[in-house]
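J.: Here it is: the structure, laid out below.
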Amino acid sequence: MLYSISEVLAINILFVCTGNTCRSPMASALFAEIAVERRLECSVVSAGLAAPVGAPAEQNAVTAAAELGAALTAHRAQQVTAELLAEADYVVCMGTSHARQLLSLVPQEKIRVLRCGIADPYGGSLEVYRSCAAQIAEGLPGLLPDFLCRASIVPTEESHLSALAQLEQLVFSSPASEARLRERLSLPHSHMLTALLDGRPAGFIGADEIAGEAFIDDVAVFPQHQRRGIASRLLARAELGALLRGCDKIHLECRAGNAPALALYRARGYQQVGLRKGFYTKPQEDAILMTAYFL
């Protein structure tokens, strides 16, 4: 989808890594190119939690970014400050450790982790930096639907369950009843989030967390609200919640023919790890099993 300035509000995005000489400047420069291409009105900056203030970007980062059309020659490292955090609408962390460190300083709804974490290339070869830049470039477009989404994400409440049961009936071949959703809501290892538009449920996500691993059970959006970034925003918040509660990986499954969902998951760093032949019914279809690792 092509977004124009007239369709969205201006947003301020802060990319954060450790030293602000590799990952976050590459992400910032590459996202700025996306914003120009898609005519988005936004401010994009980067900073580090332990930045050597004034240092240039690593030369391999400069080269890898340039090969993807982004310039880093003028970049100079800066430290994360309270002012930068307050000005940002979204703080996109390059690693899960950065998100955990910022949680006491930034509202959780502002924090994102790119692709569940990008490994630090510092000290690596040019090929390592190229791989890092490619992962960043692949993940950045997946941020846009979430950033531009108007839905608010809240913990699921009892009052949401009737609408969510109706949604189950609409989108799943084996829907959960309202009673089953109520049971899930009461389980300590189950975590459910609801997307609200104008105060009404527009979608939800459910995840179970067991022994340090999260399992996404349901992601659903009412048909009239699909293609508005709601699923992307729900998934981002579910991922963040899981990693902040100590999970080190997150799993899900998807119909093999659900191309939009598969594209979303892959952009967010999920990799196919298995296949369940004929798992789904109405219609019968294979299930692709996917996992993302928090880095």
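The values are calculated or read from the model by the stated rules, or taken from the named source; none is laboratory data. On a predicted model such as this, the values are computed, not experimentally measured, just so you know. Counting neighbours? That spans all protein chains shown, and the Cβs are built from the backbone with ideal geometry, glycine included. Please note that ligands, DNA and RNA were not included when accessible areas were found on the heavy atoms of the full protein model with its side chains. Shrake-Rupley method; radii C 1.70, N 1.55, O 1.52, S 1.80 Å.
J.: Name every residue in segment 11-45 that is of a type in the set (Gly, Ala, Ser) and open to solvent by less than 10 Å² (accessible area, probe 1.4 Å), in order of residue number.
T.: SER24, ALA27, ALA35
J.: Does LEU103 satisfy the criteria of being at pLDDT below 95 and over 13 Å from the mean Cα position of the chain (by Cα)?
T.: Values: at pLDDT below 95: yes; over 13 Å from the mean Cα position of the chain (by Cα): yes.
Considered against the rule, which asks whether it is at pLDDT below 95 and over 13 Å from the mean Cα position of the chain (by Cα), LEU103 comes out as yes.
J.: Next up: Looking at segment 24-42, is at least one residue of a type in the set (Gly, Ala, Ser) and over 28 Å from SER232 (Cα atoms)?
T.: no
J.: Additional query: Looking only at segment 235-252, which residues are open to solvent by 40 Å² or more (accessible area, probe 1.4 Å) and in a loop (DSSP other than H, G, I, E, B)?
T.: Across segment 235-252, the qualifying residues are ARG245, GLY246, ASP248.
J.: So which residues in segment 156-175 are surrounded by 12 or more Cβ atoms within 10 Å (Cβ to Cβ), assigned to a loop (DSSP other than H, G, I, E, B) and modelled with pLDDT under 95, if there are any at all?
T.: If the condition is that a residue be surrounded by 12 or more Cβ atoms within 10 Å (Cβ to Cβ), assigned to a loop (DSSP other than H, G, I, E, B) and modelled with pLDDT under 95, then PHE172, PRO175 are the ones that fit.
J.: Would you check which residues across segment 178-199 are open to solvent by 50 Å² or more (accessible area, probe 1.4 Å) and farther than 23 Å from CYS254 by Cβ and list them?
T.: Once the filter is applied, which keeps residues that are open to solvent by 50 Å² or more (accessible area, probe 1.4 Å) and farther than 23 Å from CYS254 by Cβ, segment 178-199 yields GLU178, ALA179, ARG182, GLU183, LEU185, SER186, LEU187, PRO188, ASP198, GLY199.
J.: Based on this model, can you work out whether ILE136 counts as under 16 Å from PHE15 (Cβ atoms), open to solvent by less than 60 Å² (accessible area, probe 1.4 Å) and under 21 Å from the mean Cα position of the chain (by Cα)?
T.: On the way: under 16 Å from PHE15 (Cβ atoms): yes; open to solvent by less than 60 Å² (accessible area, probe 1.4 Å): yes; under 21 Å from the mean Cα position of the chain (by Cα): yes.
Criteria met by ILE136.
J.: Of all residues in segment 260-295, which are among the aliphatic types (A, V, I, L, M) and either modelled with pLDDT of 95 or more or buried (at least 16 other Cβ atoms within 10 Å of the Cβ) (or both)?
T.: Start the filter on segment 260-295 by keeping residues that are among the aliphatic types (A, V, I, L, M), which leaves 261-264, 267, 273, 275, 287-290, 292, 295.
Answer for segment 260-295, where residues must be among the aliphatic types (A, V, I, L, M) and either modelled with pLDDT of 95 or more or buried (at least 16 other Cβ atoms within 10 Å of the Cβ) (or both): ALA261, LEU262, LEU264, ALA267, VAL273, LEU275, ALA287, ILE288, LEU289, MET290, ALA292, LEU295.
J.: Next question, about the same structure. Just for segment 200-229: of the residues that are crowded, with 22+ Cβ neighbours inside 10 Å and in contact with a Cys (Cβ under 6 Å, 6 or more places away or on another chain), which one is farthest from GLU109 (Cα to Cα)?
T.: Ranking the qualifying residues of segment 200-229, first place goes to ALA214.
J.: Go through (1) buried (at least 21 other Cβ atoms within 10 Å of the Cβ); (2) touching a helix residue (DSSP H, G or I) at 6+ places or on another chain (Cβ under 8 Å) one by one and return the number of the condition ARG255 breaks.
T.: (1)
J.: Got a sec? Which of ALA61, ALA50 is open to solvent by less than 20 Å² (accessible area, probe 1.4 Å), over 20 Å from the mean Cα position of the chain (by Cα) and among the aliphatic types (A, V, I, L, M)?
T.: Exactly one residue qualifies, and that residue is ALA61.
J.: Please determine, by comparing only the residues of segment 81-122 that are in contact with an Asp or Glu (Cβ under 9 Å, 6 or more places away or on another chain) and either of a type in the set (A, V, I, L, M) or over 18 Å from ALA47 (Cα atoms) (or both), which one is most open to solvent (accessible area, probe 1.4 Å). Spell out how you get there, then give the answer.
T.: Applying the first criterion (in contact with an Asp or Glu (Cβ under 9 Å, 6 or more places away or on another chain)) to segment 81-122 yields 90, 94-96, 110, 112-113, 115-116, 121-122.
When the remaining residues are screened for being either of a type in the set (A, V, I, L, M) or over 18 Å from ALA47 (Cα atoms) (or both), the result is 94, 113, 115-116.
Numbers: MET94: 0, VAL113: 16, ARG115: 42, CYS116: 2 Å².
Taking the candidates together, the pick is ARG115.
J.: Tell me which residues, restricted to segment 194-243, are in contact with a Pro (Cβ under 6 Å, 6 or more places away or on another chain) and either closer than 20 Å to ARG100 by Cα or not small (Gly, Ala, Ser) (or both).
T.: Restricting attention to segment 194-243, the residues satisfying the condition of being in contact with a Pro (Cβ under 6 Å, 6 or more places away or on another chain) are 194, 229, 232.
Within segment 194-243, THR194 is the sole residue that qualifies.
J.: Sticking with this structure for a sec: Which residues, taken from segment 135-180, are in contact (Cβ under 8 Å) with a residue 12 or more places away in the chain, among the small types (Gly, Ala, Ser) and out of contact with any Pro (no Cβ under 7 Å at 6 or more places or on another chain)?
T.: ALA137, GLY139, GLY142, ALA151, SER152, SER162, ALA165, SER173, SER174, ALA176, SER177
J.: Looking at segment 64-80 only, could you name the residues that are more than 24 Å from LEU126 (Cβ to Cβ) and surrounded by fewer than 21 Cβ atoms within 10 Å (Cβ to Cβ)?
T.: Across segment 64-80, the qualifying residues are GLN78, GLN79.
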